Amino acid sequence: MWFLKLRVILDLEGRDVYWQMAIDEALLTLRSRGEIDNTLRIYRFKPSAVTIGYFQKIREAVNLEFLDESGIQYTRRITGGGSVYHDTSGELTYSIVLPIRGVLTDVLESYRVICNSLVYALRKLGVSADFIPINDIVVHGKKISGSAQTRRAGFLLQHGTLMYATDLNILEKALIAPREKLESKGVKSIRDRVITLRDIIGEVDVNVLVEYLVEGFSNTLSAEIYYDELSERELRVASELVSKYKSFEWVFKR
Amino acid sequence: MKSTSLVLRYVKTVKLDIILGDKCEILDLTISGDFFAYPEESIGELESKLRKCSSRVCIEEAFKEISSTIVLGVDIEDLKSKIISLLETCTSS
């Protein structure tokens, strides 16, 4: 592992799903142009929202009727993977943009390295978490975190979830999992397959969780961190992407 | 015209939706699911190439063109075989 500088941006107040996905893409674009530093963002979705993977068919991945009735926003990510319910009051999301080099060159290995930052944080909380390839972190055999990555022009963007108190009743109603997937995991429903930190250790101080996450990334990547805010330039580039994430063509492209 | 859907469980789940014409040519084909591909656009390109296919050779050529794509969570050889099998079952019936 090399030594790198890692800029950290916290957005715990939250923004809507279109903006959060637009900011992630903007950071990848700007990083690949050499206009910004390596950046870690930890944020919330406000209001709660659903994202689906790049290759998913929206009507088969989420319960659109429930989402529309409940006023839950949804969009498609630029990353693969599955559908995710982002609970404003129960889930943190991280995103990180890094150059593809060293241990991050191999895709599978890069998932392991980056996800180990979350494993570090969870273990520091006393939770026996493990990374399960390709992109999951599990506790007691149940998923507590999922990540997804895309690569462009020598740089990667990986973003992922950490469920600390997600409302699993809503998650179960919002997301659809193929019967074949549930059977292969030996469970009857999505709810049987997931777990939150609250289920394991009770209520969690989110500020402590954030602190441990940042420490986890710093340790795992041998990174010297510094805190920053999104720049006007980053917000302007993101603002140009928001309409894509709201568009029917993008969300319903599959 | 014949429409078929297959759900294939690898490490990740893939749904293959395929429409075959009267001469068993692929009229439409979509590969969807919770898998990963790098670069992502190559899956769309593969779908486009497969949409013109009516033979095993054509399908094999289409897959060959994405041989440098990294696909995670999918047995790409098995997926190719399933598509060929659907086409050949159609032509032999």
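Read-outs: derived from the displayed coordinates by stated rules, not from any lab. Here the structure is a predicted model, which means the values were calculated and not measured. Virtual Cβ from ideal backbone geometry, glycine too; neighbours counted across all protein chains shown.
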For this session: Would you mind finding the one in A:Tyr18, A:Tyr54, A:Tyr43 that is in contact with a helix residue (DSSP H, G or I) (Cβ under 9 Å, 6 or more places away or on another chain), crowded, with 17+ Cβ neighbours inside 10 Å and part of a strand (DSSP E or B)?
Result: A:Tyr43
Exercise. So how many residues does the range A:108-118 have that are of a type outside the set (S, T, N, Q) and crowded, with 20+ Cβ neighbours inside 10 Å?
Worked result: 4
Problem set entry | Condition met for A:Ser83 (in contact with a His (Cβ under 7 Å, 6 or more places away or on another chain) and either charged (D, E, K, R) or crowded, with 20+ Cβ neighbours inside 10 Å (or both)) | no
Problem set entry | In the range A:155-192, the residues that are within 14 Å of chain B (Cβ to nearest Cβ) and under 18 Å from A:Asn63 (Cα atoms) | A:Leu175, A:Ile176, A:Ala177, A:Pro178, A:Arg179, A:Glu180, A:Lys181, A:Leu182, A:Ile190
For this session: Scan the strands (runs of 3 or more DSSP E) fully inside the range A:94-165 and keep the ones with 1 or more residues being small (Gly, Ala, Ser).
Result: A:129-132, A:142-152, A:155-163
Problem set entry | Every residue from the range B:7-22 that is surrounded by fewer than 18 Cβ atoms within 10 Å (Cβ to Cβ) and more than 9 Å from chain A (Cβ to nearest Cβ) | B:Tyr10, B:Ile19, B:Gly21, B:Asp22
For this session: Can you tell me which residue within the range B:23-47, out of those that are more than 14 Å from chain A (Cβ to nearest Cβ) and surrounded by fewer than 21 Cβ atoms within 10 Å (Cβ to Cβ), is farthest from A:Pro178 (Cα to Cα)?
Result: B:Lys23
For this session: Out of A:Asn207, A:Asn116, report the one residue that is more than 14 Å from chain B (Cβ to nearest Cβ) and within 15 Å of the chain's Cα centre (by Cα).
Result: A:Asn116
Exercise. From the set of residues in the range B:61-90 that are more than 25 Å from A:Gln149 (Cβ to Cβ) and free of Cβ contacts under 8 Å to residues at least 24 places away in the same chain, which is surrounded by the most Cβ atoms within 10 Å (Cβ to Cβ)?
Worked result: B:Ala62
